[in-house]
1. Within segment B:44-68, which residues are open to solvent by 20 Å² or more (accessible area, probe 1.4 Å) and away from chain A (no Cβ under 14 Å)?
2. Taking the conditions exactly as written (farther than 26 Å from B:PRO319 by Cβ and either assigned to a helix (DSSP H, G or I) or away from every other protein chain (no Cβ under 14 Å) (or both)), does A:ALA47 satisfy them or not?
3. In the set B:ARG256, B:ARG230, which member is among the charged types (D, E, K, R) and over 28 Å from B:LEU127 (Cα atoms)?
4. Would you please name the residue that is farthest from A:ALA99 (Cα to Cα), looking only at residues in segment A:116-141 that are open to solvent by 70 Å² or more (accessible area, probe 1.4 Å) and either within 7 Å of chain B (Cβ to nearest Cβ) or outside any loop (DSSP other than H, G, I, E, B) (or both)?
5. Exactly one condition in (1) at the interface with chain B (Cβ under 9 Å from one of its Cβ atoms); (2) touching a residue at least 12 places away in the same chain (Cβ under 8 Å); (3) surrounded by fewer than 21 Cβ atoms within 10 Å (Cβ to Cβ) is false for A:GLY60; which is it?
6. Condition first: open to solvent by 10 Å² or more (accessible area, probe 1.4 Å), part of a strand (DSSP E or B) and facing chain A (nearest Cβ under 10 Å). Can you find one or more residues in segment B:300-312 that meet it?
7. Out of segment B:246-281, which residues are of a type in the set (Val, Ile, Thr) and under 19 Å from B:TRP131 (Cα atoms)?
8. I need the full set of residues from segment A:25-44 which are open to solvent by less than 80 Å² (accessible area, probe 1.4 Å) and within 14 Å of another protein chain (Cβ to nearest Cβ), in order please.
Amino acid sequence: MSQEEKIKENLISKFSYLDNSINLVRPRRISIEVGLDNFLAVFAYLAKDMQFSHLCTITGLDEQERLGFIYHLAGAGGVMINLKTSVPKAKPLIKSVTAYFPGAEIYERELVDLFGAKVEGLPPGHRYPLTDDWPAGQHPLRKDWRPNPDIGKEAGKDA
Amino acid sequence: MHNSEEFRIPIGPQHPALKEPEGFSVALKGEKILGVDIRLGYNHRGIEKAAEERSYIQDIYLIERVCGICSHSHSTCFVQTVEEIAGLTVPARALYIRTIIAELERVHSHLLWLGVAGHEIGFDTLLMYSWRDREVVMDILALVTGNRVNYGMNTIGGVRRDISLQQAQEILKAMDILEERTKYYIEVATNETTIIKRLSGVGVLSREDVLLLDAVGPTARASGVKRDVRVDDPYAAYGELTFNVITDDHCDVYGRTVVRVKELLESYKIIRQALKNLPAGPIAIRAPRKIPAGEALGRYEAPRGEDVHYVKSNGTEKPERVKIRAPTLANVQAVKHMLRDRFLADMPIVVAAIDPCFSCTDRMVRLAEQGSDKSKIISWPSLHAYSIEWHKKQGIDFSELNKKLAARLAR
């Protein structure tokens, strides 16, 4: 049994609902889709019990009605798990993973600025990467967002 | 934490000490750093959004410009991710050529870093030496690719230029020169007490901190974490080549120096092997203009650490989503930790030690007295001069070592 199959078996024995949502993409690549309700349990199990101890980054996706989030976790043997969850755009609330990876703070701030996600449990701090005077409700990586030539004009005048 | 004796020093925001200029706000009590607050994003260029508006071919050149120094890193990471989605089998010769350029890039980047590090601690002869030697590899890169940076070697399905027999001979000659020079740097770094005293115990990051803060590259390896994508998750031709992953247990700037100079020797080893075993055959296969719907995650060991690209395609000639995480973003979190309870005089070398991209632009430091309107602006060169003088008073003076190395150069 390959290391990827072992990981799959281990996960299914712990979380039976993952039975149809684990995809062994190729050697060293596993993608998993999980609903928001179960997300944190699976994430914590991977990070703590299965030694996927390196969070490479978090990718945000605009999927029309929903926002997708992929957590890229690296473990032993070069295996990468792309753990995906999604939320409705109308209520884009996810939970912070900074309790497991303090370094995730910057990746979660990206999701807040660029996709308009709301991250529960994100410690206070500066926004990233947009400017402090960026207008509210403008999230550039949403598909319906178009560059607005007026953004930043006011800031330019002050300088 | 705030009291009348505390100073808060903003460095930046227009502070191009890193690839993306950022604002450091340093809380200081006397000469000691109490905490550092980092504001990022001042140079956000919207490349991920721009990539969605362009074709895959146009994106190669856009993404190559994410970074000037690791340009080949980003373009390789992107093309191999797209190739995975499209199910392309890239010719072996192209994979070897990508690997050779990747290691040449690492050599130029590490030699550049060695010079910057020397400069930050007042060891300018080392800067002159390593940047002179760096020209050897820059000439080779220009010979093979036509450019010193932004090589334009990659395309989807392979590479755009071959390496001729004659070019291979030139590369091998350069490797011999650089190997001899690098051995000398290793001798200097591991034997000169002034360097050892100046860099030891500075910018400490424990093994546990690396794992917690997700640091990557030489910064992680210098804290004993054997994390290297070339071995963990092999790409290009790395799976067929033998080399060592250099680690060190000093967990400080000294360790990061040792790791980088020793990695240079491994790079020469990889380049020689790749040239020796360079497979015959085509350098590229034809790739479709439209990439079938799918997604893939690519990883790449850039000179500064793990580079991560995620690409999602939708069956058209433009990607649905491109996500890039450059190594400096992963390491900048660790800087905060390294500076806590250290002296202001160590800030230049600690920031430099994660190897952010230094631009030539002047950097300003604004000293503001907490609770009053009084503020004082000092330039980065003044902070640099202050750092060197401060350490001279502690008995660490590079004047003699500078003279000693210069005398060797004169011989």
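The values are calculated or read from the model by the stated rules, or taken from the named source; none is laboratory data. Computed from a prediction, not measured in an experiment: that's the story for all the values here. Because the Cβ atoms are built from the backbone with ideal geometry, glycine has one as well, and the counts that use them run over all protein chains shown. Calculation scope for accessible area: heavy atoms of the full protein, side chains included, ligands and nucleic acids excluded. Shrake-Rupley method; radii C 1.70, N 1.55, O 1.52, S 1.80 Å.
1. If the condition is that a residue be open to solvent by 20 Å² or more (accessible area, probe 1.4 Å) and away from chain A (no Cβ under 14 Å), then B:ARG54, B:SER55, B:ILE57, B:GLN58, B:TYR61, B:LEU62, B:ARG65, B:GLY68 are the ones that fit.
2. Numbers: farther than 26 Å from B:PRO319 by Cβ: yes; either assigned to a helix (DSSP H, G or I) or away from every other protein chain (no Cβ under 14 Å) (or both): yes.
Yes: the conditions hold for A:ALA47.
3. Values: B:ARG256 fails: over 28 Å from B:LEU127 (Cα atoms).
Unique residue meeting the criteria: B:ARG230.
4. A:HIS126
5. (3)
6. Within segment B:300-312, the first condition is being open to solvent by 10 Å² or more (accessible area, probe 1.4 Å), and the residues that meet it are B:312.
Subsequent filtering for residues that are part of a strand (DSSP E or B) retains B:312.
Narrowing further to those that are facing chain A (nearest Cβ under 10 Å): B:312.
Scanning segment B:300-312, I find at least one residue that is open to solvent by 10 Å² or more (accessible area, probe 1.4 Å), part of a strand (DSSP E or B) and facing chain A (nearest Cβ under 10 Å), so the answer is yes.
7. Result: B:THR257, B:VAL258, B:VAL259, B:VAL261.
8. Narrowing segment A:25-44 to residues open to solvent by less than 80 Å² (accessible area, probe 1.4 Å): A:25-26, A:28-32, A:34-36, A:38-44.
Selection gives A:VAL25, A:ARG26, A:ARG28, A:ARG29, A:ILE30, A:SER31, A:ILE32.
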